[in-house]
Amino acid sequence: MKKYLFYIVLIGLFSCSSSKTIVKRPITFNEERKVLTLEYLQNRYGLEQDSPEIDPKMIVLHWTVIPTFEKSFAAFDPVSLPNWRPDIKNVSGLNVSSQFMIDRDGTIYQLLPETTMARHVIGLNHCAIGVENVGGTDDLPLTKAQLKSNIWLVRYLKDKYDIDYLIGHYEYTLFENHPLWLEQDEGYRTKKTDPGTAFMNDVRKAVKDLNFKKLPTNHN
Ligand SMILES: [Zn+2]
């Protein structure tokens, strides 16, 4: 009996001590990126702000397709989009990025402050924290370690902010008629499949108790 109790205590300790560390690995956020971010908020969403802050209401999970952390980081680090020409009007030169990136071994890297805007999801960047997962192709499916870290990070963020929605990037167009949707150009959409329905189902199952809101269904 004593031995049995000991194991229960041990299991309890392990499940409670699933504390993870977030490794800070900031991408370049200089004056130019700040200006491009403020322009993005203004031009795409009609939001005039002095600082590139967001009000987190949503977490968006992604995959990078790029096979390694270093290469994924290198894709997000430059301030402006590769091949961007500043003379093309209305197309933002701000490079894509995300606040978090999770490596294949589950290491959680933080690339930007949680409340600094990253360009990772059309229409919703002003309220969405982006979590990228390294990999995601058929050859390199997302790992169990990544799944665990996503679940941990979702809980961590939900505890910290007033977050209503958890979505996979492929679900973003469901918000087109939602008050949070601010993209002004109806022609500006890209089709997404990341991070896959199976991965989203697994994360959702594990965080069911957090009671995120149901996704809008008024998509047409
Ligand atoms: Zn994505």
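Data for the structure
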| item | result |
| --- | --- |
| Residue pairs meeting the criteria (Cβ under 9 Å; at least 6 apart or on separate chains; first farther than 18 Å from Gln110 by Cα, in region 148-168; second hydroxyl-bearing (Ser, Thr, Tyr)) | Gly168/Thr193; Gly168/Thr197 |
| Complete set of residues in region 123-142 that are under 17 Å from Ile108 (Cα atoms) and of a type in the set (Val, Ile, Thr) | Ile129, Val131, Val134 |
| Qualifying residue in region 159-177 (condition: away from the ligand (no atom under 15 Å from the Cβ), out of contact with any His (no Cβ under 7 Å at 6 or more places or on another chain) and in a helix (DSSP H, G or I)) | yes |
| Some residue of region 195-204 being part of a loop (DSSP other than H, G, I, E, B) and away from the ligand (no atom under 15 Å from the Cβ) | no |
| Which numbered condition Trp181 fails, given (1) buried (at least 17 other Cβ atoms within 10 Å of the Cβ); (2) closer than 22 Å to Phe76 by Cβ | (2) |
| Cβ pairs under 9 Å, 6+ apart, first in region 63-84 and over 21 Å from Asn150 (Cα atoms) and without any contact (Cβ under 8 Å) to a residue 12 or more places away in the chain, second open to solvent by less than 40 Å² (accessible area, probe 1.4 Å) and more than 16 Å from the ligand (Cβ to nearest atom) | Trp84/Ser92; Trp84/Gly93 |
| Among (1) in contact (Cβ under 8 Å) with a residue 60 or more places away in the chain; (2) over 14 Å from the mean Cα position of the chain (by Cα); (3) within 16 Å of the ligand (Cβ to nearest atom); (4) surrounded by fewer than 20 Cβ atoms within 10 Å (Cβ to Cβ) - the single one Lys191 does not satisfy | (1) |
| Residues satisfying the stated conditions in region 130-146, i.e. of a type in the set (Ser, Thr, Tyr) and surrounded by fewer than 14 Cβ atoms within 10 Å (Cβ to Cβ) | Thr137 |
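The values are calculated or read from the model by the stated rules, or taken from the named source; none is laboratory data. Just so we're clear, the structure is a prediction, and the values are computed from it rather than from any experiment. All Cβ positions, glycine included, derive from the backbone under ideal geometry; neighbour counts span all protein chains shown. Ligands, DNA and RNA are excluded from the accessible area calculation, which covers all protein heavy atoms including side chains. Shrake-Rupley method; radii C 1.70, N 1.55, O 1.52, S 1.80 Å.
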